[in-house]
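For reference, the structure is listed below as structure tokens.
Every number here is computed from the coordinates shown, using simple stated rules; none is lab data. Just so it is clear, the model here is predicted, and its values are computed rather than measured. Here Cβ is always computed from backbone atoms with ideal geometry, including for glycine, and neighbour counts include all displayed protein chains.
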Amino acid sequence: MMTAARSSDSGLVGPGELDRYPYAEAPVPDRVGAPAWDGGEPELGRVGRRATGSRGRGLHGQLVQQLGQMIVSGDLGADRPLVPEEIGQRFEVSRTVVRESLRVLEAKGLVSARPNVGTRVRPVSDWNLLDPDIIEWRAFGPQRDDQRRELSELRWTIEPLAARLAAGHGREEVQQRLSDMVEIMSHAMAQGDALTFSRADAEFHALLIQIAGNRMLEHLSGIVSAALQVSGGPVTGCDRPNETSLALHARIVDALGAGDGTAAETAMRQLLTVHPEVERVVPAPREH
């Protein structure tokens, strides 16, 4: 069974310590540029336990999670070497598990493996920042504020355009489903049921982008939708049950029914800036 890294003083950690880091072992003195496995913030250890436990990962997935978090958090900086033998010893996993885990991280753009150079951490500019795992690691790590802001900006870009496009592609059954979601949200808000409200809200936005008729937007929407669930809390007005956001959802439905793309886009922009803190994150467009 995979455990956390060995400590040079006390040997293996005790039961229940899986997925915790920082690691107590001192850096290897005779290896120049070796990864610094010690140090780091206690919060990162909590992140590791939360994410890994929630997904029921095996050894391979746990190692991907651990190394990915350490890279994204900055514990393993750009151009740092990742030596498979060291990783295997510290995490007590086989060479096969290490090799496959590094391949996954390479596919995400986090590391690169080259002959005569070995495996090294790549700079942020090379990461696949739309990868769901990287979004999660950033959302629960030290970069959580940047991740929230960037997700808000991406959502601000995608959803108003989708609302405009949807006005020209709406179907009667979809329009009715959108109206049903608004009704469910209204009932949930009256009952103080935030969970039902959020589920209906998520379906509302998913349906809206599906009828926009742009598959690339739909693909990005799926990434953003999943990412908002781990973004550390509500980001926009429609994440919080209130009369204003409910009215704006209804206004979008009315605009779609009338085929008014401009009104649908305007209502969506207003929906995404219901709260003052969101306006600071995503400023309104300039008037020309």
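How much FRET efficiency would the formula 1/(1 + (r/R0)^6) give for Glu218 and Asp180, where r is the Cβ-Cβ distance and R0 is 25 Å, rounded to 0.05?
Taking R0 as 25 Å, the efficiency between Glu218 and Asp180 is 0.75.
Looking at segment 133-274, what % of the alpha carbon pairs are farther apart than 28 Å?
14
When only Cα pairs under 8 Å and 6 or more residues apart are kept, what is the percent relative contact order across segment 133-274?
37
Could you work out the per residue convex hull volume over the alpha carbons of segment 56-128, in cubic angstrom?
Each residue corresponds to 87 Å³ of Cα convex hull volume.
Between Val111 and residues 5 or more places away or on another chain, which pairs have amide H atoms under 5 Å apart, with H built 1.01 Å from N, and which residues are they?
Amide H to amide H, under 5 Å and 5 or more residues apart or across chains, Val111 pairs with Glu106, Arg122.
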